[in-house]
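First up is the structure itself, then whatever we jot down about it.
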Amino acid sequence: LRIGDDDPILCILPEHLEKILEGIKDLEIRDKPSHKHKGRRIWLAGSGTKTVYGHAILSYSMGPLSEDQWSELRERYHVQGPRMYGSKTYAHVLRDVCRVDPIPIERKWGCIGFQTGPWA
């Protein structure tokens with residue numbers, strides 16, 4: 001597989017990314033939905049690195065999550081602490097996660113969410 005110029009790359013804290021790649025965690029939390037990537041393969045990069053370590057299908061985005069929804073999903077997130085983005089918390093549900101040999105990329109400066117393509 002090759003990362004295409006229009007492929008989304010999601011930047012994730014390395015300790016959270018490892019839980020996703022190990023199949024422990026199937027949610028990633030953000031402050032906005034990602035409906036445009038629904039059903040697509042997204043590449044998974046470690047924040048603070050210039051490396052992709054895997055890919056997954058973004059099944060869907062849920063939210064904004066109420067306190068009750070967050071309580072129900074909390075166990076699948078596997079990260080301690082309060083609801084990350086308050087009333088603007090969205091859950092990105094991942095499936096078919098696959099670890100790959102590390103792929104070097106150029107990081108978009110300041111990227112804390114999605115970037116498009118390996119050379120954005």
When both residues are 6+ apart or on different chains and their Cβ atoms are under 7 Å apart, which pairs have a first residue that lies in segment 69-90 and is small (Gly, Ala, Ser), and a second that is surrounded by 14 or more Cβ atoms within 10 Å (Cβ to Cβ)?
Ser87/Pro64
Of the residues that make up segment 60-72, is at least one under 18 Å from Ile9 (Cβ atoms), modelled with pLDDT under 95 and either open to solvent by less than 60 Å² (accessible area, probe 1.4 Å) or in a strand (DSSP E or B) (or both)?
yes
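Any residue that is more than 26 Å from Ile105 (Cβ to Cβ), surrounded by 14 or more Cβ atoms within 10 Å (Cβ to Cβ) and in contact (Cβ under 8 Å) with a residue 60 or more places away in the chain - is there at least one of those in segment 33-47?
Taking segment 33-47 and keeping what is more than 26 Å from Ile105 (Cβ to Cβ), we get none.
Checked against the condition, which is being more than 26 Å from Ile105 (Cβ to Cβ), surrounded by 14 or more Cβ atoms within 10 Å (Cβ to Cβ) and in contact (Cβ under 8 Å) with a residue 60 or more places away in the chain, segment 33-47 yields no hits at all.
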Looking for something outside any loop (DSSP other than H, G, I, E, B), of a type in the set (Phe, Trp, Tyr) and open to solvent by less than 70 Å² (accessible area, probe 1.4 Å) - is there at least one such residue anywhere in segment 81-92?
yes
Lys108 - would you say it is open to solvent by 90 Å² or more (accessible area, probe 1.4 Å), at pLDDT 90 or above and within 20 Å of Ile3 (Cα to Cα)?
no
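Quick one: is Ile29 within 11 Å of the chain's Cα centre (by Cα) and among the aliphatic types (A, V, I, L, M)?
Taking the combined requirement at face value, the residue satisfies it.
The values are calculated or read from the model by the stated rules, or taken from the named source; none is laboratory data. The structure presented is a predicted model; accordingly, all values stated were derived computationally and were not measured. Reconstructed Cβ throughout: ideal geometry from the backbone, glycine too, with neighbour counts over all protein chains shown. When the accessible area is computed, the model is the full protein with side chains, heavy atoms only, and any ligands, DNA or RNA have been set aside. Shrake-Rupley method; radii C 1.70, N 1.55, O 1.52, S 1.80 Å.
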